[in-house]
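Quick notes on the structure that follows.
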Amino acid sequence: MPHKVIFVLIDGLAWQVAHDCMGHLQGLCEAGRASLYRLTSALPSLSRPLYECLLTGIPPVDSGVVHNQITRLSTRTSLFHLARAAGLTTAAASYHWISELYNRSPYLAVRDRFTDDPALPIQHGIFYHADSYPDDHLLLDGEYLRQRHDPDLLLIHSMNVDDAGHHAGYDSPQYRNAARRMDIFLSDHLPGWLDAGYQVIVTSDHGMNNDRSHGGILAEERQVPLFTLGSAFSHAPEVAVRQIELCGLAADLLGLSHDKPRNQELIRR
Ligand SMILES: [Zn+2]
């Protein structure tokens, strides 16, 4: 049975910090309503390459989106393209690089910040371009899109955790507290989303290091969380998950036909 999906991408959230600091999500895990998995990001552990990886299932070494300054449309079939091909409704509240990868490139704020165009892969968008754009405002943008357009696929992509890491580093109160704040902000919305029958994926592109950057192979740069929330997930305790499988996971939940890498152990049979 097809499901609606909310894909929450918390930029720059290392696994250990998600595990230690996100008490609402961990409370849902403890109550048996969510599961937390650890996965290793593709390489390099950089944002734009890994947005492409998460949303197409193709790692940077194959997609050609190998660093953040590559500003062009993706040449691959994304989750948004798959959803549109099946006639589903798509939306995103996201950093503007997502608009550049799948809608229009380069991003022109006056044209693209508020997007409503049924012909685009992301039909309804609220895109921001300041790394300090507040996470709670971003979540309200996503909730606005959900209530107004009833999307089958909604991407919500926040930036404050990554921003805090670039200012203060991995092992810092600022970085951990940004994750704690995001957890609290999510707790305002998750119960309503789950009651409405959405299947929710919460994950990250990459983590953070103590040099206030990321890109390499350190555990704190590569290990990221995957929380699954909703009745369509298996909530199996031990599942090996690859980052390239999350596009296919969302596509399977949406009932789409696709040739992406998939992980059916995460889905209830
Ligand atoms: Zn970053």
- Query: Hey, what do the phi angles of segment 220-227 turn into as Karplus ³J(HN,Hα) couplings, whole Hz, using 6.51/-1.76/1.60 and θ = phi - 60°, x for Gly and Pro?
  - Reply: 5, 8, 9, 7, 10, x, 10, 9
- Message: Per 0.36 nm of contour for each residue apart, how much would the distance between H149 and A219 grow if the chain were fully extended, relative to their Cα-Cα spacing?
- Response: 21.3 nm
- Can you list the HN-Hα couplings for segment 137-150, worked out from phi with the Karplus curve (6.51, -1.76, 1.60; θ = phi - 60°), rounded to whole Hz and with x for Gly and Pro? 5, 4, 5, 5, 4, x, 5, 4, 4, 5, 6, 7, 10, 6
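Once you list every other residue whose beta carbon is under 13 Å from the beta carbon of L82, what net charge do they have if Lys and Arg are +1 and Asp and Glu are -1?
Once positives and negatives cancel, what remains is +1.
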- Rounded to the nearest 500 deg cm²/dmol, what is the calculated helix-only ellipticity per residue at 222 nm for the chain, with -39500 (n - 2.57) per DSSP H run of length n ≥ 4? -10500 deg cm²/dmol
- Would you mind counting up the charge near T56? Only other residues with Cβ under 9 Å from its Cβ, with Lys and Arg at +1 and Asp and Glu at -1. +1
- Query: How far, in nm, would the chain grow between L140 and A109 when pulled straight, counting 0.36 nm per residue and subtracting the alpha carbon separation?
  - Reply: 9.2 nm
- Message: Quick one: 3J(HN,Hα) in Hz for segment 177-182, Karplus 6.51/-1.76/1.60 with θ = phi - 60°, rounded, Gly and Pro as x.
- Response: 5, 5, 5, 4, 5, 4
- Task: Quick one: pull the percent of accessible area on the chain belonging to carbon and sulfur, 1.4 Å probe, ligands and nucleic acids left out.
- Result: 50 percent
- Item | Per residue value of the accessible surface for segment 53-149 (all protein chains in place, 1.4 Å probe), Å² | 42 Å²
- Message: Can you tell me what share of the DSSP beta bridges in the chain is antiparallel? A percent to the nearest 5 is fine.
- Response: 40 percent
- Between T89 and residues 5 or more places away or on another chain, the pairs with built amide H atoms under 5 Å apart involve D152, L153
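Sort 5-18, 187-200 by the packing proxy (mean of other Cβ within 10 Å over each peptide's residues), most packed first.
5-18, 187-200
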- Task: Just add up the charged neighbours of L13: K/R +1, D/E -1, any other residue whose Cβ is under 13 Å from the Cβ of L13.
- Result: -4
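The values are calculated or read from the model by the stated rules, or taken from the named source; none is laboratory data. Computed from a predicted model, the values in this text were never measured in an experiment. Because the Cβ atoms are built from the backbone with ideal geometry, glycine has one as well, and the counts that use them run over all protein chains shown. Surface accessibility is based on the protein's heavy atoms, side chains included, excluding ligands, DNA and RNA. Shrake-Rupley method; radii C 1.70, N 1.55, O 1.52, S 1.80 Å.
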